Amino acid sequence: MPVSCPSHSPVMPSSAETPDPRTALLEGAAQAAISYLAEEDTRPVAPRPEALTALDALRAPLPEEPTSAKDVLHLLDTYGSPATVGKTGGRNFGFVNGGCLPAALAASWLVSTWDQNAAFFVQSPAAITMEEVALEWVRQLLGLPEETAGAVVTGATMANFTALAAARHALLERAGWNADDDGLFGAPPITVVVGAEAHASVAKTLGMLGMGRKRVVRVPVDGQGRMRADALPRLDERTILCLQAGNVNTGAFDPAAEICPIARAAGAWIHVDGAFGLWAAASPAYRWLTEGFEQADSWATDAHKWPNVGYDCGIAMVRDAAALRGAMSIQASYLALGDHREPSDYNPELSRRARGVELWAGLRSLGKKGMAEIVERTSRHAQRFADRLRAAGYEILNDVVVNQVLVSFGSAEKTLRTIARIQKDGTCWCGSTVWQGHTAMRISVSSWATSDDDVERSLAAMLRAAEG
Ligand SMILES: Cc1ncc(COP(=O)(O)O)c(C=O)c1O
């Protein structure tokens, strides 16, 4: 769609004799970045041992004298680039590593140039407007209620933290206690219920919030890691129930359509950790997996996973905007703010980079169809990995419902040996896990850049490593 833009004068050096020194530097950085991308097909995904050894050259005391920016860039490219783990190509299947869409990458360059403080509208009308628009797009893509408020944070861990802070605020407020003013000493107790396969970040954030990593009721799960609805404990209005949309190992989704009505009727606060899985709602073919999660009170997700907007970008969504503001707002006489929605009232941080711009750019470049396509294409690739490895005689430990595959190459020792060979070979990268007592290799297909050819090359490398 054509967009009419206000006129914008390009930055020009003040005279021909005094060119802006940043111009040559930025051109150098662009050239280094372009060369880096050009080598993604031939560079091993894991850095070569000699590149790691060379990093020692950077372990030097801070020099007394300044270093020119050009030399700094040279050091970065010489020692840094070869010692990175390849994420720009399509063969990194570690953790849940999304890639970075071209539009998000370009936006990130511009955002760094703008260097905006995205805490307040008055500090960056552009960043705050794009963040607001992007949050609304995310709400719609995930099928969440209209009244939902959001925050763009660093990742799903901080999104879990932000949403659970709102939950803590709301439940204790209902019990006549202001947790944010008066703390938790002497507060009425809250029960936190999690699935036995909840992501470790939920426990971490509960610890950070003073609610205790271990002070939780664990609900048994089935063989895919899904919370068992028939094993739910008694829930009430002082309960936070944490559900999961997308298990980090199996990709499985808790049965929200079954559990949420029970939890709502009991007055519990339902939180959903949907770091990658919630994005299945963006695909007509996979939406059924997320059915029921829209009944929750808060959601955490990551845009640096399936949406591929680059690190770092997490999103917290909370149905009750007042609860989110209650937990996150900040006042000080020097923060003379206007009438706009101020991110500082919704986010844990005050000063923050304008990561909402990359989110906006990535989603704008994808559109609804592009987002659905990433979910569908990566899940198709995952299915291909599972089918081919199974056909070669290896055991697939999970039902491949989305983009996650768990494969055993035999004994724990053989599986770990195979993973080590795969990582050393460098064609692709996969990590290990232990799933319900079984050592496995995790394949997470999360990058927009993964092509059919990447899958074939990676499969060949995996089979070579397993047979070698
Ligand atoms: C289900 C789930 N929750 C939380 C996280 C943590 O996300 P982040 O690393 O962005 O904090 C992950 C990461 O893979 C995840 O899969």
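The values are calculated or read from the model by the stated rules, or taken from the named source; none is laboratory data. Predicted model only: the values in this text are computed from it and were never measured. All Cβ positions, even for glycine, are placed from backbone atoms using ideal geometry, and neighbour counts span all protein chains on display. Areas reflect the complete protein model, heavy atoms only, side chains present, ligands, DNA and RNA absent. Shrake-Rupley method; radii C 1.70, N 1.55, O 1.52, S 1.80 Å.
Here are a few things to note about the model shown:
- Lone unmet requirement of (1) closer than 18 Å to GLY274 by Cα; (2) touching a strand residue (DSSP E or B) at 6+ places or on another chain (Cβ under 8 Å) for ALA200: (2)
- Residues that are free of Cβ contacts under 8 Å to residues at least 60 places away in the same chain, part of a loop (DSSP other than H, G, I, E, B) and under 27 Å from the mean Cα position of the chain (by Cα), drawn from region 49-85: THR84
Conditions tested, residue by residue: (1) surrounded by 13 or more Cβ atoms within 10 Å (Cβ to Cβ); (2) closer than 30 Å to THR378 by Cα.
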| site | (1), (2) |
| --- | --- |
| ALA57 | no, no |
| SER68 | no, no |
| LEU73 | yes, no |
| THR78 | yes, no |
| LYS87 | yes, yes |
| ASN97 | yes, yes |
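- Of all residues in region 207-216, none satisfies being within 12 Å of the ligand (Cβ to nearest atom), surrounded by fewer than 23 Cβ atoms within 10 Å (Cβ to Cβ) and among the basic types (Lys, Arg).
- When region 219-247 is limited to residues that are basic (Lys, Arg) and away from the ligand (no atom under 16 Å from the Cβ), the one that is most open to solvent (accessible area, probe 1.4 Å) turns out to be ARG234.
- For region 134-159, a residue qualifies if it is among the charged types (D, E, K, R) and assigned to a loop (DSSP other than H, G, I, E, B), and the qualifying residues are GLU146, GLU147.
- If you go through region 287-341 and keep only what is open to solvent by 10 Å² or more (accessible area, probe 1.4 Å), over 29 Å from VAL122 (Cβ atoms), assigned to a loop (DSSP other than H, G, I, E, B) and within 16 Å of the ligand (Cβ to nearest atom), you end up with just LYS305.
- From the list TYR394, TYR346, the lone residue that is in contact with a Leu (Cβ under 8 Å, 6 or more places away or on another chain) and more than 16 Å from the ligand (Cβ to nearest atom) is TYR346.
- Taking the numbered list (1) away from the ligand (no atom under 16 Å from the Cβ); (2) of a type in the set (A, V, I, L, M); (3) open to solvent by 10 Å² or more (accessible area, probe 1.4 Å) in turn, MET158 passes all entries but (1).
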